[in-house]
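The values are calculated or read from the model by the stated rules, or taken from the named source; none is laboratory data. These numbers come from a predicted model, not from an experiment. Quick reminder, even Gly has a Cβ in these numbers, built from the backbone with ideal geometry, and neighbours come from all protein chains shown.
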Amino acid sequence: MQRVLAGRAKGMRLETLSGFAVRPALARVRTSLFDILAPDISDSHVLDLFAGTGSVGIEALSRGATACVFVERDAKVAALLRRNLEKTRLADRARVLVSDVLELEETAIRGTASVDPGAGRPDLVFINPPYAFWDDGVKATALWKMIASWKEHGRLAPHVRFFAEHHKKQSLLGLSLGWVVPIDVRVHGQTRLTIAVPAPAAVLAETAPSRAAGEASPPAPREAGEDARPTRAAPAARSIGEDHV
């Protein structure tokens, strides 16, 4: 049983499903994530991909995020996620989409109309698929390509940041294409949290031919241990991501 760590719903227990291959974000990983986001989480718009039971997005809402769109493909897990939102009294600022992330329509990632009519572009994206997802080059590349398309078409905030969770021995396949740039890494036990931002337009233009040929590589991010603080490399504008099957 997980608990909300801080904020309006602090201490409230979140339901999980026994018998499902659900891998909730560890408490220490969530603690590290929200230590990083502490100055920026208030009023942010969140997109929680591979949301599972919702522990990361719910934590964001509890700490003051304006809205969160949760994306979970399993209907039973999504139903549990909704119960967790009702239990924590955060459902009025949330939207749950039952969909495979790679089949998600661009327009579906906007926040709920009751929260922010006509706006709600995510500035914080949590990405926490099953670890095996990152070993599939086709799927991993398709994910980053889709995210790059969202950014190109104005579906994401200009200062958006991405927080991807994966096994510490895994590389994030698809990052070498250059659509996003890793800026930091946090390691907790067997889990690695990679923080990335969209590649600057000039870099995208410069590396486009190489990306097509699969030749470009992103800058190596600084890796930090559990007690280290990550370097803030977000733009000067307000800068401000999952448990899953």
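Observations
- Test: residue in segment 108-115 that is part of a helix (DSSP H, G or I) and either modelled with pLDDT under 90 or within 17 Å of residue 59 (Cβ to Cβ) (or both): yes
- Per the conditions (1) more than 17 Å from the chain's Cα centre (by Cα); (2) buried (at least 17 other Cβ atoms within 10 Å of the Cβ); (3) at pLDDT 70 or above; (4) not hydrophobic (A, V, I, L, M, F, W, C), the sole criterion not satisfied by residue 152 is (2).
- Checking each residue in segment 116-131 for being surrounded by fewer than 19 Cβ atoms within 10 Å (Cβ to Cβ) and either of a type in the set (A, V, I, L, M, F, W, C) or modelled with pLDDT under 80 (or both) picks out 116, 117, 118, 119.
- Subset of segment 132-148 [surrounded by fewer than 22 Cβ atoms within 10 Å (Cβ to Cβ) and under 22 Å from residue 67 (Cβ atoms)]: 146
- If you go through segment 179-200 and keep only what is within 19 Å of residue 143 (Cβ to Cβ) and part of a loop (DSSP other than H, G, I, E, B), you end up with 179, 199.
- Among the residues of segment 38-54, those that are within 12 Å of the chain's Cα centre (by Cα) and either surrounded by fewer than 24 Cβ atoms within 10 Å (Cβ to Cβ) or outside any loop (DSSP other than H, G, I, E, B) (or both) comprise 45, 46, 47, 48, 49.
- Among the residues of segment 1-33, just one is within 26 Å of residue 133 (Cα to Cα), modelled with pLDDT of 80 or more, hydrophobic (A, V, I, L, M, F, W, C) and touching a helix residue (DSSP H, G or I) at 6+ places or on another chain (Cβ under 6 Å), namely 14.
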